[in-house]
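*Asks:* Questions regarding the structure given below will be posed in turn.
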Amino acid sequence: MTSARHYSVPGVPGLAVGVLDIGLACCSLEIAAAVTAGLLVPSDSGSAESSVLLVSGTVTDAMAPAVLSAWNALPEPRRAVSFGACANTGGPYWDAPTVLKGVDQVIPIEVYVPGCPPRPEALIAGLAELAAR
Amino acid sequence: MRRVPVSDWVTELAACQAAGFDCFGMIAGVDRVESIEVIASVVRSSDASCELMSTTLDADRTVASIAHVYTGAAWYERELAEMFGVLVAGAGDDRPLLRRTDEGAPTLLKSTILGARVLTPWPGDADAGDDAKANRRRQRAVGVAEGWLVDESGSDD
Amino acid sequence: MTERVIPPNAHSLIGLNPEACTSCMICVRECPVWCIDLASHTHEVTEEGARRPKVVHVLDEFTIDFGACMYCGICVDVCPFDALAWSSEIDPSAHAAGGLVHGIDQLVKWFPASGS
Ligand code: SF4
Ligand code: SF4
Ligand code: SF4
């Protein structure tokens, strides 16, 4: 969870994103799967049109400030994607007093990708949705 | 699973370590209502055999830390403290993992009421067919506390 | 688009066959995250030759909130009428968490033609 990595997305021509991936739980493996499957292709930095904060996994009360500071540290123009049921609404932990009822309680989210975990294709579809906006 | 008295917890796990169980697996708490049970698993990497050990805590809900035997246990002992209200004696680190502060009821105890389950309308509380609703028995999902959200002013709604 | 690398039976969306659904509420009550909701009404039909009319349930609304759904498949397993099935469609994203709630119109399109 340090500096953004840059990717091109073969399925979404023209989209170059710098992704800061906040991987908090199981969902994060699917982002690695998307890279392994070639759906996200690491590229040289600098070409990114915007920085994207991809929040995947369960956002607990304890992690909320870290998510907020990662967002605040991201250079403009910046956009945020919520990836998976936990980040979307709390998901399986919807009734837990220690889990946020969605990461949009702390940062503005533009695209919500469903799944538990979402399949890599769903991530690409979500990024296409983001690019189309 | 081997059951050991809580007073032998550290010596038994140290004996496992000495017997070649070099990998720490996990520690889990179980709320047995009358008492808290603590279970640890350790693995011997040479033959992949696993040892499961369990102990039942006394009313003081205290267990000695094994983090000096298995370093990885420290994380799970923090979980035990935060989620089961267990006092881990001799633990170097007892900061909560999920909460921001020490405040709040241990989340995995059965006696801890999950407010979200009370406040969220359960879609299962309806019967097939709208006209069946008139004289049906109210239903409740599992894990929903009764009488938690009441008007304490005594007025009848 | 991109080459499909995930098996088509991987847990993805869930489709509904409203013709098969009897509004029995079993899936609604078994869902661990309470993300299925339905509304129905009863309707009497008298079949020819029958001595008394029979009561049938008519499904009015059926929604799954894929923002909360944990894709556990319990609903697919417990439905006694095979009215729910896994779909291999790619889950559409939304611009608000509430946009992930899908009703009969959408769920019926995700019901696989040949069942699960
Ligand atoms: S949405 Fe599901 S897979 Fe993703 S972090 Fe939450 S529990 Fe894990
Ligand atoms: S897959 Fe599980 S969480 Fe999703 S609707 Fe079915 S029962 Fe509910
Ligand atoms: S269990 Fe099947 S038949 Fe019953 S309400 Fe759910 S989908 Fe309909």
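The values are calculated or read from the model by the stated rules, or taken from the named source; none is laboratory data. Note that the structure is a prediction, hence the values are computed from the model and not measured. Here Cβ is always computed from backbone atoms with ideal geometry, including for glycine, and neighbour counts include all displayed protein chains. These accessible areas exclude ligands, DNA and RNA; they are computed on the full protein's heavy atoms, side chains included. Shrake-Rupley method; radii C 1.70, N 1.55, O 1.52, S 1.80 Å.
*Asks:* Identify which of B:Val88, B:Val118, B:Val38 has the largest mean-square fluctuation in a Gaussian network model of chain B, with springs joining Cα atoms closer than 10 Å.
*Replies:* B:Val118
*Asks:* Further question: Of the residues B:Ser49, B:Ser65, B:Ser41, which exhibits the maximal mean-square fluctuation in a Gaussian network model of chain B defined by a 10 Å Cα contact cut-off?
*Replies:* Per the Cα network of chain B with a 10 Å cutoff, B:Ser49 tops the list.
*Asks:* Here's another thing I want to ask about it. State the Cα centre-to-centre distance between region C:86-116 and region B:29-86 in whole Å.
*Replies:* 42 Å
*Asks:* With a sphere of radius 10 Å drawn around the Cβ of B:Ala19, what net charge do the other residues whose Cβ falls strictly inside it have (Lys, Arg +1; Asp, Glu -1)?
*Replies:* Working: positive: B:Arg44; negative: B:Asp22, B:Glu51.
With Lys, Arg at +1 and Asp, Glu at -1, the net is -1.
*Asks:* Sticking with this structure for a sec: Compute the Rg/Rh shape ratio of region C:55-116: radius of gyration over Kirkwood radius, all on alpha-carbon atoms. Don't skip to the answer; put the middle values down first.
*Replies:* On the way: Rg = 12.5 Å, Rh = 12.9 Å.
Ratio value, two decimals: 0.97.
*Asks:* Rounded to the nearest 10 degrees, what's the angle between the helix B:9-18 long axis and the longest principal axis of chain B, both from Cα atoms, 0 to 90?
*Replies:* Roughly 50 degrees, rounded to the nearest 10.
*Asks:* Net charge within 10 Å of C:Ala97 by Cβ-Cβ distance, Lys/Arg positive one each and Asp/Glu negative one each, not counting C:Ala97 itself? Each step should come with its number before you reach the end.
*Replies:* Values: positive: A:Lys101; negative: A:Asp104, C:Asp65.
Around C:Ala97, the surrounding residues sum to -1.
*Asks:* Express in whole angstrom the spacing between the alpha-carbon centres of region C:12-77 and region A:63-133.
*Replies:* Cα centroid of region C:12-77 versus Cα centroid of region A:63-133: 30 Å apart.
*Asks:* Quick one: net charge around A:Ala62, please, counting Lys, Arg +1 and Asp, Glu -1 for every other residue with C-beta under 15 Å from its C-beta. Provide the component values of the computation, followed by the final result.
*Replies:* Details: positive: B:Arg78, B:Arg95, B:Arg99, B:Arg100; negative: A:Asp61, B:Glu79, B:Glu82, B:Asp93, B:Asp94, B:Asp102, B:Glu103.
Around A:Ala62, the surrounding residues sum to -3.
*Asks:* Considering Cα pairs under 8 angstrom that are at least six residues apart, work out the relative contact order of chain A and quote it in whole percent. Before the final figure, lay out each step's value.
*Replies:* Numbers: 280 pairs, mean separation 33.1, N = 133.
The normalised contact order for chain A reaches 25 percent.
*Asks:* For chain C, how big is Rg over Rh, using alpha carbon atoms and the Kirkwood form of Rh? Intermediate results must be reported in sequence, preceding the final value.
*Replies:* Details: Rg = 16.1 Å, Rh = 15.4 Å.
Expressed as Rg/Rh, it is 1.05.
*Asks:* Something else about it: Quick check: from the Cα gyration tensor, does chain A come out rounded (a/c under 1.5), prolate or oblate? Present the calculation step by step, with values, prior to reporting the outcome.
*Replies:* Numbers: a/c = 1.89, a/b = 1.43, b/c = 1.32.
Here chain A falls in the prolate category.
*Asks:* Which aspartates and glutamates does C:Lys54 reach when only Cα atoms under 17 Å apart count, and residues fewer than 8 places away in its own chain are ignored?
*Replies:* Partners found: B:Asp130, B:Asp131, C:Glu44.
*Asks:* Then there's this: Over chain C, with a Gaussian network built from C-alpha contacts below 10 Å, which listed residue (C:Glu30, C:Glu44, C:Glu19) shows the highest mean-square fluctuation?
*Replies:* Judging by the Gaussian network model, the answer is C:Glu44.
*Asks:* Quick check: convex hull over the Cα atoms of the protein assembly as shown, volume per residue in Å³, rounded to an integer?
*Replies:* That works out to 223 Å³ per residue.
*Asks:* In 10 Å bins starting at 0, how do the alpha-carbon pair distances of region B:1-143 split up by percent?
*Replies:* With 10 Å bins starting at 0, P(r) equals 10, 33, 24, 14, 10, 6, 1.
*Asks:* Would you check the accessible area of B:Asp47, probe 1.4 Å, heavy atoms only, in square angstrom rounded to 10?
*Replies:* 80 Å²
*Asks:* Straight-line reach from A:Lys101: which aspartates and glutamates fall under 16 Å, measuring Cα to Cα and dropping same-chain residues less than 8 apart?
*Replies:* A:Asp61, C:Asp65
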